[in-house]
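Undergrad: Here it is, the structure in full.
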Amino acid sequence: MQQRYAFLAEQFACFGLPVVILDLESTGGDLMRDHITEIAFLRFDGQSVERYSQLVNPQVDIPEFITELTGISNEMVANAPTFAELLPDILPSLRGSLIVAHNSHFDYTMLRHESARAGVAFATAALCTVRLSHALYPHERKHNLDAIVERFQLIPDGERHRAWSDVAMLADFLQVALREHLDTWQETAWRLLQPKMLPEDTPEWIRESLATFGDGFGVAVLHLDDEVQLRLCEHGYRDMVEMISRQPSWLAQVKRLEFVAAGSSLQSMVEYAKLARQWQVDLGQSGRHTVSFYEQSGCLKAKVHQLANGFYEKPPTGVFLHPKGAKRALQEWASAQNLCPTRLGILPHTLPKDAPCPVSLVKSCVCKQTNLDTHNLRVKWASTKLPTADWLYHPRLRIREKDRVRGEDLEFVVERGALLLDDDTWFVSHHLFDILKHKFKTARRSIVVDEG
């Protein structure tokens, strides 16, 4: 094995980390619901070449057409270990390596999802040899493995569409392709890596920490010299690699990195809130404005002010992008609810003390018929009818999400722009507003207006 792939091992040394040529067989092509039935890989670590091949019990029936394609039947995998049982043995070989696969999106994502089902976060860099073939041989029309085998007259090492046979043929193709493009393949491969490689001077402990990150929703916890920072992620590993690549000097401040995985965007928001409370993170302002009520000389008044990110005993009264929008909504609300703007203190200019209500001078105002106690009661009753936001038109929402990797249905309550947490407190964050806007644009059917 070492001798057969000596040239390939020599070329892979340019990456500066182990390289794993990988192939998976599965129960189908659905990355969320299908499961691995076989895994095989060749691992190059600069010193040796390791071969691995193993059938996997998917714990679900293998469809007949998959058996016809791969030759792997339910009987063959009945006594094979599950992926979760294999993971402790193969994870050290895969973590921190560059995964090379034909259509790497499928193999890498399937590997990541199976790991998540087993309770293990997995992420690493990957190189797709379909894309590499396109780049090195742009004049060719087909770049699937069957076309490559025929083009280069490769001899299968076993049955086609079995994991080891495909790995061996992919390795043979790479040896031929790299020889034919010796001067250009490295530059091409580096360009095609997803995500890009970490800078060469990245400390080893950072690399090891990132190897434990997932590549899905979650929260990155950054322990700096004198504070803890949180990063909400949609693709944890990739997001952090891109951030480090953009700002390598930032690494000098980091003392420890952690990742808390989540199954969906709002679940990651819940984890973000828990971590913010645990580490007492300064969350800053939300970039929005809200309305609050206060008592002055026995009279309830309203004011517009900035809304801080953080935890609240009840949802905010309105969430507005601009203070002018909040003030306009407040005035329209007061008129609709027949409340005196003078008593509320929402007229554009401050009135002198004891000045009469200017509205009552030109038309009948409610303040002529009601006393302060009645005014206060009406304000408390009508406060829930204040417009929720200049972009969020329903006060209370139930939002459904699915953690499709684990097969769990999730539901979250959002009221007036705040997320309800397990301890019955409400959490406000500018990140939450971004998620909600995205939901309304792309996943409207997941949102149910709660009229209760």
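The values are calculated or read from the model by the stated rules, or taken from the named source; none is laboratory data. Not measured: the values here are computed from a predicted model. With ideal geometry, Cβ positions are generated from the backbone for all residues, glycine too; neighbour counts draw on all protein chains shown. In case anyone asks, the SASA skips ligands and DNA or RNA and just uses the protein heavy atoms, side chains included. Shrake-Rupley method; radii C 1.70, N 1.55, O 1.52, S 1.80 Å.
Undergrad: Residue check: is Gln2 at pLDDT below 95 and either on the phi < 0 side of the Ramachandran plot or part of a strand (DSSP E or B) (or both)?
TA: Criteria met by Gln2.
Undergrad: Restricting to region 374-429, and then to whatever is surrounded by 15 or more Cβ atoms within 10 Å (Cβ to Cβ) and in a helix (DSSP H, G or I), can you tell me which residue is farthest from the chain's Cα centre (by Cα)?
TA: Residue satisfying both the conditions and the ranking: His375.
Listed here are the residues, each with its yes/no results for (1) within 20 Å of Thr374 (Cβ to Cβ); (2) crowded, with 16+ Cβ neighbours inside 10 Å; (3) in contact with a Cys (Cβ under 9 Å, 6 or more places away or on another chain); (4) among the acidic types (Asp, Glu).
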position: Leu307; (1), (2), (3), (4): no, yes, no, no
position: Gly310; (1), (2), (3), (4): no, yes, no, no
position: Lys314; (1), (2), (3), (4): no, no, no, no
position: Thr317; (1), (2), (3), (4): no, yes, no, no
position: His322; (1), (2), (3), (4): no, no, no, no
position: Trp333; (1), (2), (3), (4): yes, yes, no, no
position: Ala336; (1), (2), (3), (4): yes, no, no, no
position: Cys340; (1), (2), (3), (4): yes, yes, yes, no
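Undergrad: Name every residue in region 149-162 that is farther than 15 Å from Met1 by Cβ and either modelled with pLDDT of 95 or more or not aliphatic (A, V, I, L, M) (or both), in order of residue number.
TA: Selection gives Glu150, Arg151, Phe152, Gln153, Pro156, Glu159, Arg160, His161, Arg162.
Undergrad: A follow-up question, please. Look through region 276-301, keep the residues that are among the charged types (D, E, K, R) and assigned to a strand (DSSP E or B), and return whichever of them is nearest to Thr342 (Cα to Cα).
TA: Lys301
Undergrad: Can you name every one of the helices (runs of 4 or more DSSP H) wholly within region 56-153 that holds 2 or more residues which are within 28 Å of the chain's Cα centre (by Cα)?
TA: Fully inside region 56-153 and qualifying: 83-94, 104-117, 129-136.
Undergrad: Let me ask something additional. Give region 430-452 a look and list any residue that's open to solvent by 20 Å² or more (accessible area, probe 1.4 Å), among the aliphatic types (A, V, I, L, M) and not in a helix (DSSP H, G or I), or say none.
TA: If the condition is that a residue be open to solvent by 20 Å² or more (accessible area, probe 1.4 Å), among the aliphatic types (A, V, I, L, M) and not in a helix (DSSP H, G or I), then Ala443, Val448, Val449 are the ones that fit.
Rundown of residues vs (1) open to solvent by less than 40 Å² (accessible area, probe 1.4 Å); (2) within 16 Å of Asp172 (Cβ to Cβ); (3) within 28 Å of the chain's Cα centre (by Cα), yes/no style:
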site: Ala9; (1), (2), (3): yes, yes, no
site: Ile36; (1), (2), (3): yes, no, yes
site: Ile39; (1), (2), (3): yes, no, yes
site: Phe44; (1), (2), (3): yes, yes, no
site: Gln54; (1), (2), (3): no, no, no
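Undergrad: I've got another one for you. Assuming Arg141 fulfils every condition listed in (1) within 20 Å of Cys14 (Cβ to Cβ); (2) open to solvent by 60 Å² or more (accessible area, probe 1.4 Å) apart from one, which condition is it?
TA: (1)
Undergrad: Considering only region 207-231, how many residues are open to solvent by 50 Å² or more (accessible area, probe 1.4 Å), in contact (Cβ under 8 Å) with a residue 40 or more places away in the chain and within 18 Å of Asp434 (Cβ to Cβ)?
TA: 1
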